[in-house]
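Mind looking over this structure? Questions follow.
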Amino acid sequence: MPVKGRNYYQCRECGARAAQWAGRCDACAAWNTLVEVGGATAAPPGATAKRAVPLAEVRCETVERWSSGLSELDRVLGGGLVPGSVVLLGGDPGIGKSTILIQTLASMSASLSALYVTGEESAAQVALRGRRLGLKAPRMKLLAETNVDVIIAQARLENPRALVIDSIQTVFLPQLSQAPGSVAQVREAAAALVRFAKETDTALFLVGHVTKEGQLAGPRVLEHMVDAVLYFEGDSGSRYRLIRAIKNRFGAVNEIGVFVMTEGGLREVTNPSALFLRQDARNAPGSVILVTQEGTRPLLVEVQALIDESPGANPRRVALGLDSQRLGMLLALLHRHGGHATSRHDVFVNVAGGVRVTETASDLAVLMACTSSLLDRPVPRDLVVFGEVGLAGEMRPVPRGQERLREAAKLGFKRAIVPAANVPKRRAEGDIVVFGARQLGEALAHFLLP
Ligand code: TYD
Ligand code: MG
């Protein structure tokens, strides 16, 4: 019997099916009548047509998940890799996309078949890297190829459960005249590969490079075609790497996984909450510790600000790791509700360690860091803050306040300034003293008290 999901052959005369091509049909003895038929796409004759069913009657089996071998990557994926799912992994060149996927496939190949398609490096280069990483990958296969038709034909032969295309910008469909990497090629090549993955229940990783503007090249067109979009973040100067889920049909968005790049490849960092904090003991003005909540996990990061008199007529506002539009708004707030003008100053704000903070709970930390730098007065080292600030200068509560405070207390912080509505009813968060502010002015005045 032909295998489900694979191509098979069917006789044009009698309709008999065969797994292999032959010159003569076994069933009706006609010559040259066998033709190739796509596996799962071709409905068998007489198959009942699909019909709508009541929602309550749809059976939902729990989704099967495969471990990638790295628990931090599993976490970002929402608990492991789902068969038949398509994951887009984006990031700057050299950040570790190929490394993590080679490691992942090697680990998965212990229990299932895996195919790594490389369009960037030669098979020898990939193999060399695998050897350097000391990977044992008994059932992992390599293919150096960029023609999508050939890739899919090979994949049908190898029938891998997990497939990596590194990268989507290097592969092409010969039917299209555009160059590899063009939007049309990226979109159509990805569409063909996604179809293959869905048809055969193969887990597919697509690697995508990022342009200078921080978008996946051939960018938005891919995001809606795939089940999950993961994005590498990190400072090129730092050994730490973050992978963030921007979209995930099988898990939470904004979930992050933390890794460290070593000689032996990427290693997971399972308890990263204090990783991005500064190590030196000085009390530097302009530095504030923020408890941010990334996905389901609180993370302590250092927000730094440098405010200096501007030499030019147009003062600069630079935000790294934060929304720069929002910085402009916060500086207006600082003037209006905090009493500090920055119109003649250059303002630089940075989140240390290359972390990107996307939530508005960082508002208070940014404003306090700016004030601290402007007045050249340090913020106590045992203080953490979080909170959104509204346009009227009011402190707005943020989600999961308790969890954030608990994490800060666990790491030894003694004081917190948070929105009043985030103050716990009972004092249960270790021995951290929580000050709840209603207005921005209250929060700023509180930390400036001697
Ligand atoms: P790579 O995975 O090739 O990046 P990408 O595929 O995203 O372009 O990562 C390459 C970088 O990682 C390179 O600068 C060297 C470094 N690296 C290590 O530090 N340790 C290792 O074990 C490996 C394999 C790479
Ligand atoms: Mg690469």
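The values are calculated or read from the model by the stated rules, or taken from the named source; none is laboratory data. Predicted model, so just to flag it, every value in this text is computed and none were measured. All Cβ positions, glycine included, derive from the backbone under ideal geometry; neighbour counts span all protein chains shown. For the accessible areas, the whole protein counts, side chains as well, though only heavy atoms, and no ligand, DNA or RNA atoms are used. Shrake-Rupley method; radii C 1.70, N 1.55, O 1.52, S 1.80 Å.
Could you please find all residues in the range 80-94 being within 12 Å of ligand 1 (Cβ to nearest atom) and buried (at least 21 other Cβ atoms within 10 Å of the Cβ)?
Matches in the range 80-94: 89, 90, 91.
Out of all the residues in the range 294-307, is one or more over 23 Å from residue 382 (Cβ atoms) and either out of contact with any Asp or Glu (no Cβ under 7 Å at 6 or more places or on another chain) or not in a loop (DSSP other than H, G, I, E, B) (or both)?
The answer is yes, given that some residue of the range 294-307 is over 23 Å from residue 382 (Cβ atoms) and either out of contact with any Asp or Glu (no Cβ under 7 Å at 6 or more places or on another chain) or not in a loop (DSSP other than H, G, I, E, B) (or both).
Pull up the range 256-277, narrow it to residues that are open to solvent by 10 Å² or more (accessible area, probe 1.4 Å) and modelled with pLDDT of 80 or more, then point me to the one that is farthest from residue 369 (Cα to Cα).
Step by step, filter the range 256-277, then rank; the result is 264.
What pairs can you find where one residue is in the range 384-405 and assigned by TED's automatic domain parsing to the domain that holds residue 433, the other is part of a loop (DSSP other than H, G, I, E, B) and among the charged types (D, E, K, R), and their Cβ atoms are less than 6 Å apart, with a gap of 6+ or different chains?
395/438; 405/429
Another question, then. Can you tell which of 252, 228 is open to solvent by 30 Å² or more (accessible area, probe 1.4 Å) and either in contact (Cβ under 8 Å) with a residue 12 or more places away in the chain or farther than 30 Å from residue 346 by Cβ (or both)?
After applying the criteria, what remains is 252.
Looking at 164, 183, 210 in this structure, which one is modelled with pLDDT under 90 and within 16 Å of ligand 2 (Cβ to nearest atom)?
That would be 210, the only listed residue that is modelled with pLDDT under 90 and within 16 Å of ligand 2 (Cβ to nearest atom).
Select, from 169, 125, 178, the only residue that is within 16 Å of ligand 1 (Cβ to nearest atom) and open to solvent by 50 Å² or more (accessible area, probe 1.4 Å).
Working: 169 fails: open to solvent by 50 Å² or more (accessible area, probe 1.4 Å); 178 fails: within 16 Å of ligand 1 (Cβ to nearest atom).
Exactly one residue qualifies, and that residue is 125.
Which one is surrounded by the fewest Cβ atoms within 10 Å (Cβ to Cβ), of the residues in the range 112-122 that are within 16 Å of ligand 2 (Cβ to nearest atom), of a type in the set (Ser, Thr, Tyr) and within 26 Å of the chain's Cα centre (by Cα)? First the steps, then the outcome.
Quick first cut of the range 112-122, residues within 16 Å of ligand 2 (Cβ to nearest atom) only: 116-122.
Narrowing the set further to residues that are of a type in the set (Ser, Thr, Tyr) leaves 116, 118, 122.
Filter once more, so that each one left must be within 26 Å of the chain's Cα centre (by Cα): 116, 118.
Working: 116: 28, 118: 24.
Ranking the qualifying residues of the range 112-122, first place goes to 118.
Here's another thing I want to ask about it. Working only within the range 278-304, note down all residues that are surrounded by 13 or more Cβ atoms within 10 Å (Cβ to Cβ), farther than 18 Å from residue 417 by Cα and within 30 Å of the chain's Cα centre (by Cα).
278, 294, 295, 296, 297
Additional query: Quick check on the range 128-149: of everything there that is more than 16 Å from ligand 2 (Cβ to nearest atom) and surrounded by fewer than 16 Cβ atoms within 10 Å (Cβ to Cβ), which residue is modelled with the highest pLDDT?
149
Considering each residue of the range 332-350, count those that are touching a residue at least 60 places away in the same chain (Cβ under 8 Å) and either open to solvent by 40 Å² or more (accessible area, probe 1.4 Å) or in a strand (DSSP E or B) (or both), and give that number.
Adding up the residues that qualify gives 2.
Residue by residue through the range 360-381, note down the ones that are in contact with a strand residue (DSSP E or B) (Cβ under 6 Å, 6 or more places away or on another chain) and in a loop (DSSP other than H, G, I, E, B).
379 - this is the single residue of the range 360-381 that is in contact with a strand residue (DSSP E or B) (Cβ under 6 Å, 6 or more places away or on another chain) and in a loop (DSSP other than H, G, I, E, B).
How about the range 128-141: which of its residues are more than 10 Å from ligand 1 (Cβ to nearest atom) and of a type outside the set (A, V, I, L, M, F, W, C)?
Scanning the range 128-141 gives 131, 136, 138, 139, 141.
Per-residue answers, yes or no, for (1) among the aromatic types (Phe, Trp, Tyr); (2) not in a loop (DSSP other than H, G, I, E, B):
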residue: 403; (1), (2): no, yes
residue: 409; (1), (2): no, yes
residue: 416; (1), (2): no, yes
residue: 426; (1), (2): no, no
residue: 430; (1), (2): no, no
residue: 435; (1), (2): yes, yes
residue: 442; (1), (2): no, yes
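So in the range 95-111, with the set limited to residues that are hydroxyl-bearing (Ser, Thr, Tyr) and more than 10 Å from ligand 1 (Cβ to nearest atom), which one is surrounded by the most Cβ atoms within 10 Å (Cβ to Cβ)?
If we take residues in the range 95-111 being hydroxyl-bearing (Ser, Thr, Tyr) and more than 10 Å from ligand 1 (Cβ to nearest atom), then 104 is surrounded by the most Cβ atoms within 10 Å (Cβ to Cβ).
List pairs: first residue in the range 79-104 and in a loop (DSSP other than H, G, I, E, B), second residue among the β-branched types (Val, Ile, Thr) anywhere in the structure, Cβ distance under 7 angstrom, at least six positions apart or on different chains.
82/63; 84/202; 92/210
Inspect all residues belonging to the range 337-354 and state whether any of them is at pLDDT below 95, closer than 20 Å to residue 446 by Cβ and in contact with a Ser or Thr (Cβ under 7 Å, 6 or more places away or on another chain).
Yes - at least one qualifying residue is present in the range 337-354.
Further question on the same structure: Before we move on, is residue 192 among the small types (Gly, Ala, Ser), closer than 27 Å to residue 140 by Cβ, at pLDDT 95 or above and open to solvent by 10 Å² or more (accessible area, probe 1.4 Å)?
Details: among the small types (Gly, Ala, Ser): yes; closer than 27 Å to residue 140 by Cβ: yes; at pLDDT 95 or above: yes; open to solvent by 10 Å² or more (accessible area, probe 1.4 Å): yes.
Considered against the rule, which asks whether it is among the small types (Gly, Ala, Ser), closer than 27 Å to residue 140 by Cβ, at pLDDT 95 or above and open to solvent by 10 Å² or more (accessible area, probe 1.4 Å), residue 192 comes out as yes.
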